[in-house]
Amino acid sequence: MTELPKAYEPTVVEEKWQNRWMSEGCFHADPSSDKPSYSIVIPPPNVTGVLHMGHVLNNTIQDILARRARQEGKEVLWLPGTDHAGIATQARVEKELAKETPPRTRYDVGREDFVKMVWEWKEKHGGIIIKQLKKLGCSCDWDRERFTMDDVFAPEVARAFAELFKEGLIYRGRRMVNWDPVLRTALSDEEVIMTPSKSKLYTIRYKLADGSGQLLVSTTRPETIMADVAVAVNPKDPRFGHLVGKTVIRPLVETEIPIIADDHVEIDFGTGALKITPAHDRTDFEVGMKNNLEIIDILTADGHINCPACPELHGLDRFVARDKSIELIEAKGLLEKVEDYENNVGISQRSDVPIEPRLSMQWFLKYPCVQEAADAVANGDITFRPAHWAKTYAHWLEGIQDWCISRQLWWGHRIPVWYRKDKAAELQEATKLDEADAEAGDIYVGVEPPADPENWVQDEDALDTWFSSWLWPFATMDDECRAKFYPTSDLVTGPDIIFFWVARMIMAGYRFADGQKPFSNVFFTSIVRDLQGRKMSKSLGNSPDPLDLIARYGADGLRFGLMRIAPTGTDVKFDEKQIEEGKNFANKLYNAARYRMMQGTPGTEAPKFMPVHIDILAKLKELHVTVAEALSKYEFNTYTQALYSFFWNEYCSLFLEAVKNDLREGTPAVKNATLYTIDTVLRHYLALLAPIMPHIAEELWQSLGFATRNDGKPLMNTELPGTDSLLAGLSDTDISKAKALTTALYDTANRARNLKAEYNLATNKQVRFVLKPGALPLDEDLMARLALLAGAQSATADSSYEAPKGTPTALTPFGELFLPLEGLVDVDAERTRITKELEKITKEIAKSTAKLSNASFVDRAPAAVVEQERARLSEWENKKSQLEGMLAALA
RNA sequence: GCACGAGUAGCUCAGUGGUAGAGCGGCUGUCUUACACACAGUUGGUCAGGAGUUCGAAUCUCUUCUCGUGUACCA
């Protein structure tokens, strides 16, 4: 017998198996295989990223799917990689520069050297998350790791750009965009989070130039008054109709500006008059264009006032200038009132500061294949789980706007557009650039730089990171790989990137990959929150470090614990207690296996099963079905719950406890059947468990010798055992009889333990039970198992037993159970106990009787339901008369 | 504003028309020879509120409230 530690130590075991699986190429996908294919591409984490709980959830699900698919005999590709994450990575390196003495910025370094620095940083510190994913046990094909800026991927990005440009879907234009004044770049609409914020609404007097009065104008942004070019009123507003065409004096940098009429102004809001500042507000810009107004830009790229005509404000930060401008206006006696006000402010998802609507030259994409993408989800070609996300998706596609794809960044895919050197200055200012300019030979768009680079100047901007990520499912694969594994099977990702990534990938798939969808199923995970329901974030410090959790609970424990509480379709509140349960479960598994290892080997003769054996094997067979169903429906919590309760409750608490004596002192035949059953259960069970707890499953598989019987093949490479051989040769009647007897046995054991507990007898107190048999057949084997389960010295059947007055009794499926307690009998207590039970039963009988005497119920409910109710009633009535008999015996 | 989720035991969650569940926690016992990361027992619920459909509702419908998410915006 091997001496094994009493507690499972995951750390060493997990690392051992991770190394062995990888060195034996267990995760490698073979495109030339003739097995059916199964593929997933990982949502590439940021190369600067570190593992957080969201990754754990997401990648555990992918790993379960991948490992299960391998067991089902599929050739599996799980393709890993990282994203260059333009803004995040650039910011990371800029932060390093700022720490230097003296601090530097990227502008001090220069573009070329800065990009070199980022690459160096990426090589040195990037990809930590890949190591972390390996620690979680992810079975990705690590030989195929891709990066969104590597040599294979980058040309695909440029090619996509060039194609879309040629098609006229990409164009450059001067437009209002979301400007991040900290990062000094444009952002897409999706990167702006509208946030309710408390601000002030200032009402200011604009004097009419002819001195005939004033117009009250409300604004939240007085610092932009210098850029006002008009005041607008609604043409239908009777209060102001006569003023249209007149002029007012702009309160700062005083000059006359016109009063115009525009539908856009709401009569009921504020004063009914709106200042028009086309350079600094999206809708004002439109009003300005419509009315041919001047555009005065008074903000710098980094959000400072650029207005020499107003020296008091010139050079100030936009928020400082806000207060200062109000001081100036008040000093002029033009401030009417200030009110508290709540409005929505666009906040940059990246830098967390309010964005500035800004007119600038940017590249835009009219999305391709929008209709195909919408149809695919609507008609079920692509399945969303949970299904309700399809609605969100459809809604976004309906109102889809052109995508601003250029970023004023240095780290990323540089826009593959070159301008003819002699015309560059002119072209860069052109209000619109498109395919016509390329045809004219003024600009060059291509994957490779132009042949005569000295005559060309490349566009300064880089592409939005998502413009590369949207190509991920196919641009990561070579032709051979694509032939076997594309379209991919499942995509597992968070609903927070449904627009950023999922929707765009679908469009890109149809446009660039032979009109094929990129994946068949999308599984949207829950979002992991803390116990207060807040999103996990670095700044709140409420996000546990998964590596720390792995160190303390094991990767298997973390995976299992998290999946067990991850509901489908709603967010998960993370509770570390749950992870501890995962660890405890691993320990339970380990000890159950250790217990098995302490027993001998079964004989070679065919096992002769007792009912308890048949019962657990039948439950094992059911578990196979439950697991298969749950996984096919992506119900991961059902899967884990089924695994948990089968093993802990059915196998350990009931079955093992019932057969322990077989192993200690059973006849060779009984011992043989028991060992055979145990081995069968463990072998099947570990295979079912392996997708979610791969390390411990593999470890126990090996130490229980299942691998040896199978040419030493790891569980990882073993197909799921079939269920046909389970209970072979037994009829359904045999099985259901055995199940009924075993259920009755466990039920009786429960009652016996209850009796002991009610009389305050310690669990280890050896007592004797006497059973007065009822309808079900009793034999010595059952009685022995009952004694064992109930923690009794003995349990005997005696049909003529006459219990002394006050002997504790209970009704069981096998008959009346007595716990004779010499000298401890308390007639009154016993009477009270039985009376209480009688009351309960009487209530149930009343309820049931009422139901059955309701004609509508009997007539309309399905016959089976009525029958069930009748059976229930008669059972209770039976019990009632027995209890009454007991009570009479006490008197 | 609109859309989509969610509200079940102290906590985290199951439960799609037929006797309200699990784990944890609490409380009582027990270091019983695989496991104290354990075992046995036990305590916890007007299923957010209201109305309706139905013989029967946690479950279906309507409505109110609370929370979350997405989306649109008027200065």
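The values are calculated or read from the model by the stated rules, or taken from the named source; none is laboratory data. Since we're looking at a predicted model, the values are computed, not measured. Neighbour counts are summed over all protein chains in view; Cβ atoms, including those assigned to glycine, are modelled from backbone coordinates with ideal geometry. Surface accessibility is based on the protein's heavy atoms, side chains included, excluding ligands, DNA and RNA. Shrake-Rupley method; radii C 1.70, N 1.55, O 1.52, S 1.80 Å.
Residue count for segment A:736-751 under the criterion of being open to solvent by less than 60 Å² (accessible area, probe 1.4 Å) and either polar (S, T, N, Q) or within 9 Å of RNA strand B (Cβ to nearest atom) (or both): the result is 3.
Table: residues versus (1) touching a residue at least 60 places away in the same chain (Cβ under 8 Å); (2) more than 9 Å from RNA strand B (Cβ to nearest atom); (3) assigned to a loop (DSSP other than H, G, I, E, B); (4) among the β-branched types (Val, Ile, Thr).
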| residue | (1), (2), (3), (4) |
| --- | --- |
| A:Arg564 | yes, no, no, no |
| A:Pro567 | yes, no, yes, no |
| A:Tyr590 | yes, no, no, no |
| A:Ala593 | yes, no, no, no |
| A:Ala606 | no, yes, yes, no |
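Among the residues of segment A:554-574, those that are touching a Gly at 6+ places or on another chain (Cβ under 9 Å) and surrounded by fewer than 20 Cβ atoms within 10 Å (Cβ to Cβ) comprise A:Asp571, A:Lys573. Pairing each residue of segment A:799-810 that is on the phi < 0 side of the Ramachandran plot with any residue that is among the β-branched types (Val, Ile, Thr) and outside any loop (DSSP other than H, G, I, E, B), provided the two are 6+ apart or on different chains, yields C-beta distances under 6 Å for A:Tyr801/A:Val770; A:Lys805/A:Val827. The residues of segment A:387-406 that are closer than 11 Å to A:Val502 by Cβ and hydroxyl-bearing (Ser, Thr, Tyr), listed by number, are A:Thr392, A:Tyr393. The number of residues in segment A:263-283 that are within 9 Å of RNA strand B (Cβ to nearest atom) and not in a strand (DSSP E or B) comes to 13. Restricting attention to segment A:579-588, and to residues there that are surrounded by 20 or more Cβ atoms within 10 Å (Cβ to Cβ) and more than 6 Å from RNA strand B (Cβ to nearest atom), which single residue is farthest from A:Phe647 (Cα to Cα)? Once the filter is applied, the top-ranked residue is A:Ile579.
When the test is whether a residue is near RNA strand B (Cβ under 10 Å from one of its atoms), modelled with pLDDT under 95 and in a helix (DSSP H, G or I), A:Lys660 passes it. Looking only at segment A:604-643, count every residue that is open to solvent by 60 Å² or more (accessible area, probe 1.4 Å) and of a type in the set (Gly, Ala, Ser) and tell me the total. Counting residues in segment A:604-643 that are open to solvent by 60 Å² or more (accessible area, probe 1.4 Å) and of a type in the set (Gly, Ala, Ser) gives 2.
Scanning segment A:204-247 for residues that are open to solvent by 50 Å² or more (accessible area, probe 1.4 Å), part of a strand (DSSP E or B) and touching an Asp or Glu at 6+ places or on another chain (Cβ under 7 Å) yields A:Arg205, A:Leu216. Against the test of being within 19 Å of A:Glu758 (Cα to Cα) and touching a residue at least 12 places away in the same chain (Cβ under 8 Å), the options A:Leu789, A:Leu852, A:Leu782, A:Leu873 yield a single qualifying residue, A:Leu789.
I'd like to know if segment A:413-423 contains one or more residues that are at pLDDT 85 or above, in a loop (DSSP other than H, G, I, E, B), away from RNA strand B (no atom under 16 Å from the Cβ) and open to solvent by 10 Å² or more (accessible area, probe 1.4 Å). Yes; the residues of segment A:413-423 include at least one that is at pLDDT 85 or above, in a loop (DSSP other than H, G, I, E, B), away from RNA strand B (no atom under 16 Å from the Cβ) and open to solvent by 10 Å² or more (accessible area, probe 1.4 Å).
The residue that is farthest from the chain's Cα centre (by Cα), counting only those in segment A:360-397 that are among the polar types (S, T, N, Q) and not in a strand (DSSP E or B), is A:Gln371.
Would you pick out the residues in segment A:755-791 that are hydrophobic (A, V, I, L, M, F, W, C), in contact with a strand residue (DSSP E or B) (Cβ under 7 Å, 6 or more places away or on another chain) and either within 9 Å of RNA strand B (Cβ to nearest atom) or modelled with pLDDT under 85 (or both)? Across segment A:755-791, the qualifying residues are A:Leu778, A:Ala790. Of the residues that make up segment A:319-340, is at least one assigned to a strand (DSSP E or B), crowded, with 18+ Cβ neighbours inside 10 Å and in contact with a strand residue (DSSP E or B) (Cβ under 9 Å, 6 or more places away or on another chain)? Yes: segment A:319-340 contains one or more residues that are assigned to a strand (DSSP E or B), crowded, with 18+ Cβ neighbours inside 10 Å and in contact with a strand residue (DSSP E or B) (Cβ under 9 Å, 6 or more places away or on another chain).
For segment A:1-53, the set of residues classified as among the β-branched types (Val, Ile, Thr) and either surrounded by fewer than 20 Cβ atoms within 10 Å (Cβ to Cβ) or under 30 Å from A:Ala592 (Cβ atoms) (or both) consists of A:Thr2, A:Thr11, A:Val12, A:Val13, A:Val50, listed by residue number.
When every residue of segment A:486-499 is checked against the conditions, at least one turns out to be surrounded by 16 or more Cβ atoms within 10 Å (Cβ to Cβ), touching an Asp or Glu at 6+ places or on another chain (Cβ under 7 Å) and not hydroxyl-bearing (Ser, Thr, Tyr).
Scan segment A:829-881 for residues that are more than 12 Å from RNA strand B (Cβ to nearest atom), more than 26 Å from A:Lys805 (Cβ to Cβ) and either open to solvent by less than 80 Å² (accessible area, probe 1.4 Å) or aliphatic (A, V, I, L, M) (or both) and the total you get is 3.
Only residues that are among the charged types (D, E, K, R) and either surrounded by 13 or more Cβ atoms within 10 Å (Cβ to Cβ) or not in a loop (DSSP other than H, G, I, E, B) (or both) were counted in segment A:440-452, giving 1. Residue count for segment A:224-251, restricted to those that are under 19 Å from A:Ala331 (Cα atoms) and within 14 Å of RNA strand B (Cβ to nearest atom): 3. Taken over segment A:755-779, the criterion of being open to solvent by less than 50 Å² (accessible area, probe 1.4 Å), of a type in the set (Val, Ile, Thr) and either assigned to a helix (DSSP H, G or I) or out of contact with any Pro (no Cβ under 7 Å at 6 or more places or on another chain) (or both) is satisfied by A:Val767 alone. Taking segment A:453-539 and the helices (runs of 4 or more DSSP H) fully enclosed by it, the elements with 1 or more residues that are modelled with pLDDT of 90 or more and within 16 Å of RNA strand B (Cβ to nearest atom) are at A:466-469, A:504-512. The C-beta contact set for segment A:183-200 (first residue acidic (Asp, Glu), second residue open to solvent by less than 30 Å² (accessible area, probe 1.4 Å) and near RNA strand B (Cβ under 8 Å from one of its atoms), distance under 8 angstrom, 6+ apart or interchain) is empty. The lone criterion from (1) surrounded by 20 or more Cβ atoms within 10 Å (Cβ to Cβ); (2) under 27 Å from A:Cys140 (Cα atoms); (3) out of contact with any Leu (no Cβ under 9 Å at 6 or more places or on another chain) left unmet by A:His684 is number (3).
Here segment A:882-891 is the region considered, the condition is being open to solvent by 50 Å² or more (accessible area, probe 1.4 Å) and of a type outside the set (A, V, I, L, M, F, W, C), and the residue that is farthest from A:Lys772 (Cα to Cα) is A:Glu884.
Among the residues of segment A:118-137, those that are closer than 22 Å to A:Ala475 by Cα and not in a helix (DSSP H, G or I) comprise A:Gly126, A:Gly127.
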